[in-house]
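The values are calculated or read from the model by the stated rules, or taken from the named source; none is laboratory data. Quick caveat, the model's predicted, so the values are computed rather than measured. Every residue, glycine among them, receives a Cβ derived from its backbone with ideal geometry; neighbour counts consider all protein chains shown. These area figures cover heavy atoms from the full protein model, side chains too; ligands, DNA and RNA do not enter into them. Shrake-Rupley method; radii C 1.70, N 1.55, O 1.52, S 1.80 Å.
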Amino acid sequence: DVKVTQSSRYLVKRTGEKVFLECVQDMDHENMFWYRQDPGLGLRLIYFSYDVKMKEKGDIPEGYSVSREKKERFSLILESASTNQTSMYLCASSSPPGEQFFGPGTRLTVL
Amino acid sequence: LAKTTQPISMDSYEGQEVNITCSHNNIATNDYITWYQQFPSQGPRFIIQGYKTKVTNEVASLFIPADRKSSTLSLPRVSLSDTAVYYCLVAGMFSGGYNKLIFGAGTRLAVHP
């Protein structure tokens, strides 16, 4: 069974902290994605990667960075967390043009 | 700026056919249309994908007119378990991966007994 796992389901951090969200996929997919999901706004793409060490900005990259050192792992980094980054974060992987497989999400609260 | 628009919510009853339409006026030649289903506390799950005309699988059909500026997800004979949020995605492809990934805001479908 295909799987995308995310390091935490729930996370509470304080303003200014550095936050790492990790995502691992076991399908040998080239592409990996980070989205944030907010009520009424749907899913918005933060960053994606189409190969190891490659990254592309999505629609809302400000305040975020990513790292992809291995094919199966894609990390989202909040350098200095702010309250407006409180959200649900979803990771996905795919082999284009096929379907994206999503992880269960991490609900991040920044106090 | 490319955008996908879909109804915020819909209601239906068990056994009925449900059609959810997504508008994507600025779709480009190399863009695909994909629909996802999401239950609470879960990530979205793939339903169906198409480029043009009609695509059918075991759970849904996808209708795309010739101008491709909209698409309609059709769920035959819905049940209570189809209550979920449905997202339309327009994705642009190139040889290395994607150059566009635009989700709609989602349609909350409620199926009633």
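Only residues that are free of Cβ contacts under 8 Å to residues at least 60 places away in the same chain, within 14 Å of chain A (Cβ to nearest Cβ) and open to solvent by less than 60 Å² (accessible area, probe 1.4 Å) were counted across region B:57-86, and they come to 5. Of all residues in region A:39-50, none are in a strand (DSSP E or B), of a type in the set (S, T, N, Q) and surrounded by fewer than 16 Cβ atoms within 10 Å (Cβ to Cβ). Candidates in region A:5-21 are the residues that are under 12 Å from A:Ser75 (Cβ atoms) and assigned to a strand (DSSP E or B); of these, the one that is most open to solvent (accessible area, probe 1.4 Å) is A:Phe20.
Just checking, how many residues over region A:27-38 are in contact with a strand residue (DSSP E or B) (Cβ under 8 Å, 6 or more places away or on another chain) and either open to solvent by 50 Å² or more (accessible area, probe 1.4 Å) or of a type in the set (A, V, I, L, M) (or both)?
Going residue by residue through region A:27-38, those that are in contact with a strand residue (DSSP E or B) (Cβ under 8 Å, 6 or more places away or on another chain) are A:27, A:29-38.
Still in the running and either open to solvent by 50 Å² or more (accessible area, probe 1.4 Å) or of a type in the set (A, V, I, L, M) (or both): A:27, A:30, A:32.
Number satisfying all stated conditions: 3.
Those strands (runs of 3 or more DSSP E) of region B:5-102 in which at least 3 residues are out of contact with any Gly (no Cβ under 8 Å at 6 or more places or on another chain) and over 16 Å from A:Ala92 (Cα atoms), considering only elements entirely within it, cover B:9-13, B:18-23, B:53-56, B:70-75, B:84-94.
Name the residue that is nearest to B:Gly50 (Cα to Cα), counting only residues in region A:85-100 that are crowded, with 22+ Cβ neighbours inside 10 Å and facing chain B (nearest Cβ under 9 Å). Ranking the candidates gives A:Gln100 first. Check whether at least one residue in region A:28-50 is away from every other protein chain (no Cβ under 14 Å) and over 20 Å from A:Arg107 (Cβ atoms), and report yes or no. Yes, that holds for at least one residue.
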